[in-house]
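Following: one structure in structure tokens, then a few remarks.
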Amino acid sequence: MPSTTLPETSHRITLGDEQVAYLLRRSRRRTIGLTIDQRGLRIAAPVRARLGDIEKLIHTHGSWVLDKLASWRDKPLPTKLEVRDGTVLSLLGEAWTVTLSDVGRARWQFAGQHIYLKRNSAVDLGQLLEMALREKARTIFAERLRHYAPRLGVAEPPLRLSSARTRWGSCAHHGGISLNWRLIFMPLAIVDYVVCHELAHLKEMNHSPRFWSVVEQLCPNWRALRLELRQLGRQIPIL
């Protein structure tokens, strides 16, 4: 997922009897892609693609776009997770229980499938849990990069955590990789898929067939994992 892109621009298009807003992002890609999520319709297009060609493609898929937008509108909004003693979270495919404690100096600790959080009236429990999960995510993601990078014959790249709501990872042209900390809520196999995806961009900074062949070298079942990522991504709790 290359990070070198132009700023998103807002547009509107008429589909049937409905005015539909969409966000257009141009980047160094070869094809036009349509995505619909909680932000609405988003288009990813090559830098030099003509707006007329982009909107022609949207019209071609007009019925699909309207159906998917209606589906998203009908979905209940995700609720904020109530963090309390005994809250159970699925992290890396395993169940972890939040346990509140007044013992010790550490603000948090992971041990025996428990996340121990130290009570502190100055810090919201949700914020404290997020800080703990970010630290855990950084450790795990760095380990997975360290595991897969040699298999591709590249140096372990610098890691940055991101907080994007709709993007799981990105790879910069200078070689740095960003991974969404919320991947910690996914099974480890899905984390590995995203790691392999971004590492593959160190070889092919695009989504060409050659790029996917590199991904497949590292992650043979990437198609199934990509589908699972899309499905589970809708279930991630809000802290």
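Rule-based calculations on the coordinates, nothing more; no lab input. Model, not experiment: these values are computed from the prediction. All Cβ positions, even for glycine, are placed from backbone atoms using ideal geometry, and neighbour counts span all protein chains on display.
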**Request:** Name the long-range amide H neighbours of His114: under 5 Å, sequence gap of 5 or more, or other chain; modelled H, no Pro or chain starts.
**Result:** Thr97
**Prompt:** Taking the Cα atoms only, what angle lies between the long axis of helix 222-232 and the longest principal axis of the chain, rounded to 10 degrees?
**Reply:** 70
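Return the FRET efficiency for the residue pair Met131, Trp72: r is the Cβ-Cβ distance, R0 is 25 Å, and the value is rounded to the nearest 0.05. Write out the running numbers ahead of the final one.
Numbers: r = 31 Å, r/R0 = 1.22.
E between Met131 and Trp72, to the nearest 0.05, is 0.25.
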**Request:** Return the sequence-ordered ³J(HN,Hα) values of segment 168-175 in whole Hz as given by the Karplus equation 6.51 cos²θ - 1.76 cosθ + 1.60 applied to θ = phi - 60°, using x for Gly and Pro.
**Result:** 8, x, 7, 10, 7, 5, 7, x
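DSSP beta bridges in the chain, what fraction antiparallel, as a percent rounded to 5? Walk me through the numbers before you get to the answer.
On the way: 24 of 42 bridges.
Among the beta bridges of the chain, antiparallel pairing accounts for roughly 55 percent.
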**Item:** Spatial separation of Cα centroids for segment 165-197 and segment 1-60, in angstrom
**Value:** 23
**Fill in**
The answer for Gly40, listing residues at least 5 apart or on another chain whose modeled amide H is closer than 5 Å to its amide H, is none
**Message:** Only bridges whose two residues both fall in segment 9-74 count here: according to DSSP, what percent of them are antiparallel, nearest 5?
**Reply:** 65
**Cα-based helix-to-principal-axis angle, 125-152 vs the chain, degrees rounded to 10** = 70
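For the chain, what class follows from the C-alpha gyration tensor (a ≥ b ≥ c being the square roots of its eigenvalues): rounded when a/c is under 1.5, otherwise prolate if a/b is larger than b/c, else oblate? Walk me through the numbers on the way to the answer.
Values: a/c = 2.37, a/b = 1.42, b/c = 1.66.
The shape class here is oblate.
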**Prompt:** How many lysine pairs does the chain hold where the Cα atoms are under 25 Å apart and the two sit 8 or more places apart or on different chains?
**Reply:** 5
